[in-house]
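What follows is a set of notes on a single structure, which appears directly below.
No value in this document is a laboratory result; all are computed from the given coordinates. From a predicted model like this one, the values you see are computed outputs, not experimental measurements. As a convention, Cβ positions derive from the backbone with ideal geometry for all residues, glycine included, and neighbour counts pool all protein chains shown.
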Amino acid sequence: MVAKAKKLKIIPLGGLDEIGKNLTALEYGNEIIMVDCGMAFPDDDMPGVDMVINDITYLEKNWSKIKGIFLTHGHEDHIGGLPYFLKAINVPVYGTRLTIGLVEHKLKEHNLLSSVKLVRAKYGNVINAGQNFSVEFVRTNHSIADSAALAIKTPVGTVIHMGDFKIDTTPIVGDMIDLARLGELGKEGVLAVLSDSTNVERPGYAMSERSVGEKFEQIFKGCNKRIIVATFASNVHRVQQIIDAAAKNGRKVAVSGRSMENIVEISILLGYMKVPEGVLINIDNIKKYRPNQVVIITTGSQGEPMSALTRMAFSDHRKVEVTKDDLIIISATPIPGNEKSVSNVVNELFKIGAEVIYKSLAEVHVSGHACQEELKLILALTKPKFFIPVHGEHRHLVLHKELAQKVGIPEKNSFVLSNGQVLELDSKTAKIAGTVPAGKILVDGLGVGDVGNIVLRDRKHLSQDGLIIVVVTISHDSKEIVSKPDVISRGFVYVREAESLIEGVKHVAGESISDCLGKRNMDWSTLKSSMKASVAKYIYEQTKRSPMILPIIEEI
């Protein structure tokens, strides 16, 4: 009897039909490797949630098979879930120098640094992971230094995971993307390519990061105001160009925002950022200089509620007060879903009277993601047999599949997957073969996964309709109501201005309990249900609103 040939399984657990929490598992026989382990920001319908990470149920069940986590770059949507994963499953983590530097800082905050094996890889390094996988790091360009694509050799063929990338022929630091190596891999034969779909709707090529630096120099040169620049903390090259433009124009640079401070510190330490002596000053010392001698680099380009720029805009920052004598540059494009938050911050800055430059007014931002021509070029170079678009919302994945057909990849060989779907491949065929658990785990403070659908539903209910608490005290001996029910309202009505409504609630609650007691029904859950139903009906009839009702019965 001939043994059944093993197949390679590609299992995306995050990053499809969404922006963020990128995580893909590759499984062959008794071995699994992971590519990235990211997080996502919560949606508007997740009140109180700090971040969203992946459901790793499948990986926990198969923890003994996992040979390592290979990171493409150091953005939060690719490394943000690592501490939570590594607390559950401790496996080696591989990445380039800056990526591992950022991971070290993250693990230190979670007291994991001493227990996790971190391996720094160089471009061209090939790392053997178990018997079935060898992984080569290939240089790419992106909006963070040290980004890499992964060429993964398996028993059935080579799989290339591009990570997030663009083709930048004039990068700020280092060389351009290694197209030659990708072409060599294409000649050797590539089984499948997984490629970034974020910018698939944009024609042409992404502009070089260097063009932003030229724009900064133009703006800084003729400006007599204090300049505040908001950008992604992780975009080391962008921050470097802001510092260079400031130094060229005789300005000091201060940094605001915890993540910005951390990344500037790590980048200088590792040599990815070069700051001329005396240029960087503490944010506490900005008042020692005239406005036209200072540049502040800050977080908050996405309008995040607690970020430094948002606090400045709403006059809530302890060290920086924005005035009409400030020029604010927002050097980023809103991530889908953040448009309203960014708009609110821009409006507040305009109300203060500050001058604001953002993407629609000047070229102060370029994307770190490849546009259509770059995506086509990668496919033309690698010539994969099969294609899997990743990293994007559903429309991005479908459009990327259609783009692949233009460079000769047959429709039947492209797979638009959803998180949790399993793609099985051998050297000649590929097919979708079932699903594994995949979903969202919500992180709120120190709680991981303890906020679920029911808790979220209650939070939304409270946020939309408020809360009514009805307290009734019953005598243990006589089984009668001791005193008139008490009503507490939070977020529903102001009690002093709705006395007749509150009195009505008290009356209805009292009658409901009295009826139950009269029938000798002393079951607590029945008493509460009856009171809750009666009060809900009365409030809806009077107000056409449905607050959360919390009945409390005390026995004395």
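Here are a few things to note about the model shown:
- Pairs of lysines in region 453-555 whose Cα atoms sit within less than 24 Å of one another amount to 24, provided the residues are eight or more positions apart or on different chains.
- 21 Å Cα-Cα threshold exceeded, pairs from LYS225/LYS248; LYS122/LYS428; LYS215/LYS359: LYS122/LYS428
- Unit charges on C-beta of K, R, D, E only; dipole of region 167-316, Debye: 920
- The calculated FRET efficiency for the pair LYS319 and LYS351, based on their C-beta separation and a Förster distance of 22 Å, comes to about 0.60.
- Leading residue at positive end of dipole, region 453-555 (Cβ point charges), from HIS461, ILE481, VAL535: HIS461
- Cα shape, region 210-357, gyration tensor, a/c 1.5 rule: rounded
- Three-way shape call for the chain based on the alpha-carbon gyration tensor, with the a/c threshold at 1.5: oblate
- Centre separation in Å (Cα based) which lies between region 54-77 and region 255-307: 33
- Trypsin sites (Lys or Arg not before Pro) lying in DSSP loop within region 386-455, provided at most 16 other Cβ fall within 10 Å: LYS428
- Classified by the C-alpha gyration tensor, region 453-555 has a prolate form. Its axis ratio a/c, with a ≥ b ≥ c, is 1.5 or above, and a/b is larger than b/c.
- Extension gain from SER211 to SER114, taking 0.36 nm per residue of separation minus the Cα-Cα distance: 30.8 nm
- Loop trypsin sites (Lys or Arg not before Pro), region 267-319 (other Cβ atoms within 10 Å of the site Cβ: 16 or fewer; DSSP): LYS274, ARG318, LYS319
- When only the Cβ of Lys, Arg, Asp and Glu is charged (+1, +1, -1, -1), the dipole of the chain relative to its Cα centre reaches about 1060 debye.
- Projecting the Cα atoms of GLY271, THR231, TYR289 onto the charge dipole of region 210-357, computed from C-beta unit charges around the Cα centre, puts TYR289 farthest toward the positive end.
- Dipole magnitude for region 453-555: computed about the Cα centre from +1 point charges on Lys and Arg Cβ and -1 point charges on Asp and Glu Cβ, it is near 460 debye.
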